[in-house]
1. Touching an Asp or Glu at 6+ places or on another chain (Cβ under 8 Å) and in a helix (DSSP H, G or I): is that true of residue 20 in this structure?
2. In this structure, is residue 12 under 12 Å from the mean Cα position of the chain (by Cα), in a loop (DSSP other than H, G, I, E, B) and under 21 Å from residue 101 (Cβ atoms)?
3. Could you check, for the range 52-66, whether at least one of its residues is in contact with a strand residue (DSSP E or B) (Cβ under 9 Å, 6 or more places away or on another chain), more than 14 Å from residue 90 (Cα to Cα) and of a type in the set (Val, Ile, Thr)?
4. Name the pairs whose Cβ atoms lie under 8 Å apart, with the first residue in the range 39-50 and without any contact (Cβ under 8 Å) to a residue 60 or more places away in the chain, the second among the basic types (Lys, Arg) and assigned to a helix (DSSP H, G or I), and 6 or more positions between them or separate chains?
Amino acid sequence: MMDRPLPVTILLAEDDAGHALLIEKNLRRSGVSNKILRVDNGREAVDFLFKEGRYAGDPSPSPFLVLLDLNLPELDGGQVLRLIKGDVRTRHIPVVVLTTTDNPQEVAKCYELGCNVYVTKPVDYEQFSEAIRNLGLFLSIVKIPEDE
């Protein structure tokens, strides 16, 4: 009998409540039914993933996929990405950078730090919605590594 994979929990690190709502709504429209947990700053994302601060001792749903905005308070997305990919406990977690920043140097830096996918959020509402629905379709076929 084959073990069924654990459902993937999506950690959405997004400080803009309107963007977070649009992201979740359009992921759902694309058929993503995974649990989505939202944090609104980089420190909380790191605390959640490493079970520190108010998350110390919390049981963790896993495996994870992280949707990471770069423009976060407390710790920015680049700092969060560096911490995730620099630690043996979390470096296998896929990270999708989802941000308004389309600066080529920033894109290159994120890939150098280990992001798996870099998506620029369009400013236009319809384009933004469509981009997130397409991301949802992409996520529906991605295989996520399980914890060992």
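1. Details: touching an Asp or Glu at 6+ places or on another chain (Cβ under 8 Å): yes; in a helix (DSSP H, G or I): yes.
Yes; evaluated as a whole, the condition is true for this residue.
2. On the way: under 12 Å from the mean Cα position of the chain (by Cα): yes; in a loop (DSSP other than H, G, I, E, B): no; under 21 Å from residue 101 (Cβ atoms): yes.
Criteria not met by residue 12.
3. no
4. Once the first residue is without any contact (Cβ under 8 Å) to a residue 60 or more places away in the chain and sits in the range 39-50, its partners that are among the basic types (Lys, Arg) and assigned to a helix (DSSP H, G or I) give 47/54.
Quick grid of which residues meet (1) assigned to a helix (DSSP H, G or I); (2) at pLDDT 90 or above; (3) in contact with a Gly (Cβ under 7 Å, 6 or more places away or on another chain):
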residue	(1), (2), (3)
79	yes, yes, yes
88	no, yes, no
126	yes, no, no
131	yes, no, no
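The values are calculated or read from the model by the stated rules, or taken from the named source; none is laboratory data. Source: prediction; values computed, not measured. Note that each Cβ is placed from the backbone with ideal geometry, even for glycine, and that neighbours are counted across all protein chains shown.
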